[in-house]
Amino acid sequence: MAGLFTHASALSSGTQIAKGIRADRNQMRKSFPSKAVTELRLTQLSLAVSGSAAMLLLWSTGTAAWDAAQEGRLFFVLEALLFGALAGFLVYGNLCYEIARWGFWKRLAERIIPAAYPQRLPDHAAAPGLTILVPSYKEEIPVIRQTLLSAALQDYPKKRVVLLLDDPPAPRTRQDEKALWTARSLPFDLQALLAFPHRLMVEAQAAYRCREIHSLPDLTEECVRLSDCYASAAEWFEDQAKRSPIESHTDAWFVEQILSQPAQRYRAESARWFARRKELAATSPERLRREIEFAYAELIARFSAKFDVFERKQYRNLSHEPNKAMNLNSFLGLMGKCIKPVPRKDGLYLVETEQGAGGRLIPDSPYVITLDADSLLLPCYARTLVEMMEQKGHERVAVAQTPYSAFPNAPGILERTAGATTDIQYLIHQGFTQFGATFWVGANALLRKSALEEIGVEAQEGDKTVRRYIQDRTVIEDTESTVDLMANGWTLYNHPERLAYSATPPDFGSLVIQRCRWANGGLIIFPKLLSFLRQSAKRPSTIPQGLLQIHYLTSLAFAPLSVLLLLALPFSAELWTGWMPLAAAPYFILYARDLQTAGYRPLRDLLRVYALNLLLIPVHLTGAITSIRQAIAGAKIPFRRTPKISGRTRTSGVDLALQFSMVCLSLVLGGYYLLRMQWIGAAFALANTGLLIYGIKRFIGLSEIKEDLLADARQMATYGRLRLAAAICLRWFQAFVQALRAAFQMTRPA
């Protein structure tokens, strides 16, 4: 199903789509809507069962609490209230998933026309300008190169690709210095790479127009010349595919999707135009000339990208806040201005100047794409989303995106399982759009610049005045900016097609850093969301919107806490009723079906996803606690970048200790329930124990645990020796100072 659907566009291209593609579209029209209707009905049944079981669960818990209150058992009343809150939040999360799933399939059932290749912009000259911003901090050069190429090779005209390099401008090591200079030169190397095919297509178009003006061209020869141009474009893509090393599944995806498939498409177009030289009678000369003109414009658009690189940390008067949001904000604030660097006593400044006064103009554009340096876009991403934003009725859409998917065929079990959770999140975000609950997902998005201008605020940062378009109060800057946009009357939109892919951490150590960052900030933004929901117009659709958005911000704090307390605290048999597993069963059944739809094995990968989520409980709680600490202290939490290294990221001893503590807690609790013959509670605790042990073995690894614990022990021992050495040196220094004082006293005259 992935990547097969897109909205029907009111715009027409003036060119014909190949017959085979039309046949595929007709076939998909017949098959997928029927599947969507089936899944819709199944989801409705699931909601009915889950909702009824949830009500009966709360009723039984409330009845037990009421009876206990009547008997004066205050402790049991508190126990029942706690159990009801924990189980209730978990069931609330299940219902939110089912509601989002219903929204996802509802969108597919409502006449969303699938397309193997989206519509083309009708007029390349009238296409709005587009700037693609790629923020990067110490990324590996091959990773940046692939991202920049996927942005530059968008099938869209008037695009500008800017690498926002955030590495320290004064590297401390030779390796960092080499990486910095390589990254600085990379955009210009890519500009030279695209220069030859771009010049070839421009010259071919100019020659065609010259023949059009001075004489009536031979259309047979024009078809052959255009066929040669398509063949040259195909050869360029094939050559790049051969030159690109394939060392990982990400590299394989890049070569296949960004290089090989366009090459195949241009080979087919070359053959089609070569065959059309014998079919001129079937097409009017005027229409054929328009098609030829459009084909040249399309080829030029593919290779016409202007590259640039920008480093905000080189300038004293720009923000140096260590986060992605301020890296983006610094450049967004300069768009449309003429600037020049001015050296001063305390460093280099970037000042605004008049055009032509020795400065350079940073072009402005109505649309901006933000793209993480480890994410890749399919060639039709920009054209598809800009076309949607330009349609009538979408004037107040601020953000259009396709929530990123995981790269397929990951070699490791952890990366595949984490990728499965990413692909399920794609489904959830699509469902959010049905209810107006869309959140901006920052790995990739098309932004309307005027919307950013509207929510921009100026603030003082030391002796600098900075303008924030994207909030950087938390490390999930896109989520808080979503609330700001909605509060100003803007909407957000998830396009129902997989057009963007992003890397998943390959080991547990790097996954811990990523997921801890994701869990940090939701509780801080939560009051702002509540304020927005309270002030927004009350409509029937506001209820599911509020439920989904509230759960989105709070789930990474309260869901792990609920599971942890259920695994740690012994609850009475009266509370462990059959309504709880009945309320959860539909959720797991639907989750397994969605995994199968996304290309995974339903039962096996469902158990793996559950095991991984158990291991991430302390990680998510750490992020939530960090949010609370930030809210109390008022200081920003430093942005921790997900490591992207060739080796393995070490898992800290504290994180490993928390995993084993959860195993012990759930095992002891399971034994306690067995002794008391509480079968439902025992099954819950022991099943979680088994999945925790499985997750520790498969996702972290026993040999890796041993290696990481030994490294921690050595580090602690080294730290202890350093403290001892420092204490000895301090003692010697104090003795030396005392000896000097004594000598000074002896030499002083009486």
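Quick look at the numbers
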item: Carbon and sulfur %, accessible surface of the chain computed with the full protein complex present, 1.4 Å; result: 61
item: Using θ = phi - 60° and Karplus 6.51 cos²θ - 1.76 cosθ + 1.60, couplings along the range 242-255 (whole Hz; Gly, Pro as x); result: 5, 7, 7, x, 10, 10, 8, 5, 5, 4, 5, 5, 4, 5
item: Assigned charges on the beta-carbon of Lys, Arg, Asp, Glu; the chain dipole about Cα centre (debye); result: 640
item: Cross-link pairs K159/K392; K158/K242; K159/K324; K278/K392 - those with Cα-Cα distance over 32 Å; result: K278/K392
item: Residue-by-residue Karplus 3J(HN,Hα) for the range 602-609, coefficients 6.51, -1.76, 1.60, Hz, glycine and proline x; result: x, 6, 4, 6, 4, 5, 5, 4
item: The range 231-307: C-alpha gyration tensor shape, a/c 1.5 cut-off, then a/b vs b/c; result: prolate
item: Extension reserve of the Q596-I213 stretch, reckoned as 0.36 nm per residue once the Cα distance is removed; result: 132.1 nm
item: Whole-Å distance, taken between Cα centres, linking the range 536-550 and the range 389-411; result: 22
item: Mean accessible surface per residue for the chain, computed with a 1.4 Å probe while every protein chain stays in place, in Å²; result: 47
item: Top positive-direction residue, dipole computed over the chain with Cβ charges, set A195, T38, Y349; result: Y349
item: Förster-model FRET efficiency, 41 Å R0, S541 and I628, C-beta, rounded to 0.05; result: 0.80
item: The range 385-529, relative contact order in percent, only Cα pairs under 8 angstrom and at least six apart counted; result: 35
item: Relative contact order (%) - the chain, alpha-carbon pairs under 8 angstrom, separation at least six; result: 16
item: Shape category assigned to the range 485-587 from the gyration tensor of Cα positions, a/c cut at 1.5; result: oblate
item: T433 accessible area, 1.4 Å probe, all protein chains in place, Å² to nearest 10; result: 20
item: Rounded accessible area of I246 (nearest 10 Å², 1.4 Å probe); result: 100
item: The range 514-523 - phi-based ³J(HN,Hα) in whole Hz, Karplus 6.51/-1.76/1.60, Gly and Pro as x; result: 5, 6, 5, 5, 4, 7, 9, x, x, 5
item: Over 22 Å (Cα to Cα) - which of K449/K538; K178/K313; K178/K337; K313/K345; K337/K449; K138/K345 fall in this group; result: K449/K538; K178/K337; K138/K345
item: Sequence-separation-based contact order of the range 372-456, relative, with Cα cut under 8 Å and 6+ spacing, percent; result: 40
item: Prolate/oblate/rounded label for the chain (Cα gyration tensor, a/c 1.5); result: oblate
item: Sequence of F684, F307 when ordered by accessible area, the most exposed leading, probe 1.4 angstrom; result: F684, F307
item: Nonlocal amide H pairs with I132, under 5 Å, H built at 1.01 Å; result: R160, V161, V162, I369
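The values are calculated or read from the model by the stated rules, or taken from the named source; none is laboratory data. Since this is a predicted model, take the numbers as computed values, not measurements. Virtual Cβ from ideal backbone geometry, glycine too; neighbours counted across all protein chains shown. These area figures cover heavy atoms from the full protein model, side chains too; ligands, DNA and RNA do not enter into them. Shrake-Rupley method; radii C 1.70, N 1.55, O 1.52, S 1.80 Å.
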